[in-house]
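Readers should treat all values here as calculations from the given coordinates under stated rules, not as data from a laboratory. A quick note: this is a predicted structure, and the numbers were derived from the prediction, not measured. All Cβ positions, glycine included, derive from the backbone under ideal geometry; neighbour counts span all protein chains shown.
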Amino acid sequence: MPEPRLLVVGCGAIGGVIAGHLLDLGQDVSLLTTNSAIAAALRERGVRVTGDEPPAPVQARAVYEALEPGVAPFDYVLLATQPPQVEAAAASAAPALATDGRMVCFQNGLCEERVAKIVGAERVVGAVVTWGASMLEPGLYERTSSGGFSLGRLDGTRDARLDELARILEAVGPVTLTDNLRGARWSKLAINCAISTLGTIGGDRLGVLMRQRYVRRLALEVMTEVVTVARAEQVRLEKVSGTFDLDWMALTDAERTAAASPGLLAKHTLLLAVGARYRRLRSSMLAAIERGRAPAVEFLNGEVITRAEAHGLDVPVNRAARDLVWKIAGRQEQASHSTLRALYERTR
């Protein structure tokens, strides 16, 4: 059988690291980026990845800034754009997707439902990413933590394409197949609403922020609100990486008012461990703001707010955090520890 043709759409941090590892194994990989500086760097120097055991710099089969008419169809289109660009990226790549091909969503949030409206739910795969990365300069990527993927389809079924994709992505990290993609996505959504959004507001790497007790408390409150909405949506939450249990992390009624308890201590301790493991992680939303792009906060906290309203629920910490990210994007506030501390004080 011929090797599957792969198109990585979006060559920021996640897309760059994925492309580098797949190219290192000799996969047939082409790249699509609308950023001319990134495209030029990739053509000139190949995909370069730093970090633990990085792959060697490798040239892609092709680097597109727009897909050429008549390009041979791709078996897998790997969507690695930021969430605000995912629907436009899916629409632009859809004509080049093979009839029995799959479009794969690596974004945070609940993007599979959006992409399904463009190419059909049967052609969509969700890939929940459990590792971090940064783009240090155009075409140069740093993998900031280890981890793999949780793969699944919207209908929970498994087929030959899903199995093949799992084998391909093993080059990047361990792959787990799930029959509960919604549960995996909502669990990751709860984490991202806390870590990515608070990281944007605090303007620092996760390891530094999570050493602060007030940051950990804010993270617990954000995640608790998301879990409450997920339960209203009748989602069965999945453990992240097989260990991070959002049902357990959510604050109980007693923990919301207690100054201290064994349960609170255990939850703070786990967040300290997360901060240590992902200490180099820097919010991709903050990077987007710094590049003058819209943050993906409406696909994270904004999604939770919208769905909470549909169920008559209040999510005040998510709402305050969402609004603050937009103020930072609009240069009305500055990303800093003091801004994050002020959010904590305002939401007591």
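For the chain, the relative contact order is 15 percent, taking Cα pairs closer than 8 Å that sit 6 or more residues apart in sequence and dividing their mean separation by the residue count. In this rough spin-label picture, where each label sits 7 Å from Cα along the Cβ direction, the Arg61-Ala266 distance is 5.0 nm. Converting phi to 3J(HN,Hα) with the Karplus coefficients 6.51, -1.76 and 1.60 and the offset θ = phi - 60°, segment 114-126 yields 5, 5, 4, 5, 9, 10, x, 4, 5, 9, 10, 10, x Hz in sequence order, with x at every glycine or proline.
Provide the gained length on full extension for the span Thr347 to Glu170, in nm with one decimal, where the gain is 0.36 nm per separating residue minus the Cα-Cα distance.
59.5 nm
Between Glu113 and Glu68, the FRET efficiency estimated from the beta carbon spacing at R0 = 30 angstrom works out to 0.50. Panel order for Met285, Met249, by other beta carbons found within 10 Å of each beta carbon, from fewest to most: Met249, Met285.
Rounded to the nearest whole Hz, the Karplus-based 3J(HN,Hα) values (6.51 cos²θ - 1.76 cosθ + 1.60, θ = phi - 60°) of segment 98-113 follow the sequence 4, 3, 9, x, 10, 9, 10, 9, 9, 5, 6, x, 10, 6, 4, 5, with x at glycine and proline. Per-residue 3J(HN,Hα) values for segment 138-147, derived from phi via the Karplus relation 6.51 cos²θ - 1.76 cosθ + 1.60 with θ = phi - 60°, read x, x, 10, 10, 10, 8, 8, 7, 7, x Hz in sequence order (x marks Gly and Pro). State whether segment 1-47 is rounded, prolate or oblate according to the following rule on the C-alpha gyration tensor (a ≥ b ≥ c being the square roots of its eigenvalues): a/c under 1.5 gives rounded; otherwise a/b larger than b/c gives prolate, and the remaining case gives oblate. In terms of gyration-tensor shape, prolate. As a proxy for reagent exposure, ranking Cys111, Cys11 by other Cβ atoms within 10 Å from fewest up yields Cys111, Cys11.
Once the Cβ-Cβ distance of Gln334 and Asp52 is raised to the sixth power relative to R0 = 41 Å, the FRET efficiency obtained is 0.80.
Cut-off is 10 Å between beta-carbons; in what order do Trp326, Trp186 appear when sorted fewest neighbours first?
The most exposed by this proxy come first: Trp326, Trp186.
Beta bridges assigned by DSSP with both partners in the chain are antiparallel in approximately 30 percent of cases. With contacts taken as Cα pairs under 8 Å at a separation of at least 6 residues, segment 183-346 carries a relative contact order of 37 percent.
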